[in-house]
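Colleague: First the structure, which I've put down as structure tokens, then a few questions once you've had a look.
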Ligand code: LLP
């Protein structure tokens, strides 16, 4: 469920009419609903009620400070994968003890930043990283709290580019080697083992791969405890998928996911951490765009809009689908015709949808890409020297620009022409 509905024939974000935002901010822009973000976060805390838990929002899915502050104020922890994301979480007021640091390539500088600033745990992905972290923590007179990310060799049956839990993926250490790696961790002076971490992929639409992975984690917990390790936290990663189209997708609900967690891991008396990104932010955001031209091709009609692949790269990068809706609600029974919805960028991959049914549209009309709150703005670029797309947050009947569109003076000022040219 989200809070983007037609009211009096106009698409609204909560109580704000989308054209009102477009009028103030210009297009294209992202708009997020505070109520939807809140609701999706609470679905997880409710699903895990009864077991000690921390829901760590995956900052990579949407890292705007206002979004992080909203979730942080509700009690969310944060899952960060870079020094930059760590700084964002802290700048949004999230205390270090609620931040987990994931990622295969943490640098020494990033480790020191988090150790000095405060961190709940590092999710370590290799022996080399364990040694480096121990050295850095020791140098600071600290011990780094650590889980080791294990790769359970489970196929998440999701898009090739976002699957992470198979043997051939670069993530974690093979679960078969866990015993050895935990023994190393226990022997390192700068490391304190606190638990186990696993993350098998993103946009999972089936619970079975989670079940397989969690069963392996349960077994490993017992084994590592028997070997003398204090396994008190289980970080289960993120990955629960969302419906990208209203018609034919029904990914599992957080409630069922929570029940699965309790069934497979509930008797271990561990604190459960999860790292959802997409399920919290995905359907809490739209990308709003204006039609520039309608172009009659030989065989098809192109809707050329002012958003492009630099603003929302998922269709070009993963072949992902985002439903596209007109901001003015079509009259009941109004005819629709298929459009190829494309952006202005000079390559064919700048295509959002082919033969997508929409009512008859004209230049100046607004459309919205749904489910764009996760991995939308964060993956945007300035390709073709298009200014970075702005972001807006709506709460009830008011809205605020939470990242402004840079002007061209700012954009040009970032480059320097060397004197010798
Ligand atoms: N934890 C870890 C360690 C991760 O690598 C990820 C996502 C998450 C949590 C959050 O997963 P979520 O709950 O959002 O599925 N750019 C791609 C998605 C990449 C996901 C990478 N890791 C896309 O647009 O679909």
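The values are calculated or read from the model by the stated rules, or taken from the named source; none is laboratory data. Keep in mind it's a predicted model, so treat the numbers as computed, not measured. Because the Cβ atoms are built from the backbone with ideal geometry, glycine has one as well, and the counts that use them run over all protein chains shown.
Colleague: Are any residues in the range 224-254 assigned to a helix (DSSP H, G or I) and within 16 Å of the ligand (Cβ to nearest atom), and if so, which ones? Before the answer, list the steps.
Modeller: From the range 224-254, those assigned to a helix (DSSP H, G or I) are 224-226, 254; that's our starting set.
Correct list: 254 only.
Colleague: Next question. Would you mind finding the one in 187, 176 that is free of Cβ contacts under 8 Å to residues at least 24 places away in the same chain, away from the ligand (no atom under 13 Å from the Cβ), surrounded by fewer than 23 Cβ atoms within 10 Å (Cβ to Cβ) and under 28 Å from residue 116 (Cα atoms)?
Modeller: Only one candidate passes the filter, namely 187.
Colleague: Can you report the number of residues in the range 388-421 which are part of a loop (DSSP other than H, G, I, E, B), within 19 Å of residue 286 (Cβ to Cβ) and more than 22 Å from the chain's Cα centre (by Cα)?
Modeller: Looking only at that region, the number is 2.
Colleague: Being at positive phi and surrounded by fewer than 24 Cβ atoms within 10 Å (Cβ to Cβ) is the requirement here; does residue 269 meet it?
Modeller: Yes; evaluated as a whole, the condition is true for this residue.
Colleague: For residue 169, indicate whether it is closer than 30 Å to residue 112 by Cα, modelled with pLDDT under 95 and either surrounded by fewer than 21 Cβ atoms within 10 Å (Cβ to Cβ) or more than 13 Å from the ligand (Cβ to nearest atom) (or both).
Modeller: Considered against the rule, which asks whether it is closer than 30 Å to residue 112 by Cα, modelled with pLDDT under 95 and either surrounded by fewer than 21 Cβ atoms within 10 Å (Cβ to Cβ) or more than 13 Å from the ligand (Cβ to nearest atom) (or both), residue 169 comes out as yes.
Colleague: Does the range 348-361 contain any residue that is at pLDDT below 95 and under 27 Å from residue 203 (Cβ atoms)?
Modeller: Within the range 348-361, one or more residues are at pLDDT below 95 and under 27 Å from residue 203 (Cβ atoms).
Colleague: Evaluate the range 59-66: report whether one residue or more is more than 15 Å from the chain's Cα centre (by Cα), crowded, with 19+ Cβ neighbours inside 10 Å, in a loop (DSSP other than H, G, I, E, B) and modelled with pLDDT of 95 or more.
Modeller: So far as the range 59-66 goes, no, none of its residues is more than 15 Å from the chain's Cα centre (by Cα), crowded, with 19+ Cβ neighbours inside 10 Å, in a loop (DSSP other than H, G, I, E, B) and modelled with pLDDT of 95 or more.
Colleague: Only one residue in 5, 43 is modelled with pLDDT of 95 or more and under 30 Å from residue 234 (Cβ atoms). Which one?
Modeller: It is 43.
Colleague: Same structure, new question: Inside the range 30-58, can you point out the residues that are within 17 Å of residue 282 (Cβ to Cβ) and outside any helix (DSSP H, G or I)?
Modeller: 30, 31, 32, 33, 55, 56, 57, 58 - these are the residues of the range 30-58 that are within 17 Å of residue 282 (Cβ to Cβ) and outside any helix (DSSP H, G or I).
Colleague: In this structure, does residue 110 turn out to be under 19 Å from the mean Cα position of the chain (by Cα), modelled with pLDDT of 95 or more, assigned to a helix (DSSP H, G or I) and surrounded by 17 or more Cβ atoms within 10 Å (Cβ to Cβ)? Reasoning before the result, please.
Modeller: On the way: under 19 Å from the mean Cα position of the chain (by Cα): no; modelled with pLDDT of 95 or more: yes; assigned to a helix (DSSP H, G or I): yes; surrounded by 17 or more Cβ atoms within 10 Å (Cβ to Cβ): yes.
No.
Colleague: Please tell me if residue 153 is without any contact (Cβ under 8 Å) to a residue 40 or more places away in the chain, closer than 23 Å to residue 105 by Cβ, surrounded by fewer than 22 Cβ atoms within 10 Å (Cβ to Cβ) and within 12 Å of the ligand (Cβ to nearest atom). Show your work before the answer.
Modeller: On the way: without any contact (Cβ under 8 Å) to a residue 40 or more places away in the chain: yes; closer than 23 Å to residue 105 by Cβ: yes; surrounded by fewer than 22 Cβ atoms within 10 Å (Cβ to Cβ): yes; within 12 Å of the ligand (Cβ to nearest atom): no.
It is false that residue 153 is without any contact (Cβ under 8 Å) to a residue 40 or more places away in the chain, closer than 23 Å to residue 105 by Cβ, surrounded by fewer than 22 Cβ atoms within 10 Å (Cβ to Cβ) and within 12 Å of the ligand (Cβ to nearest atom).
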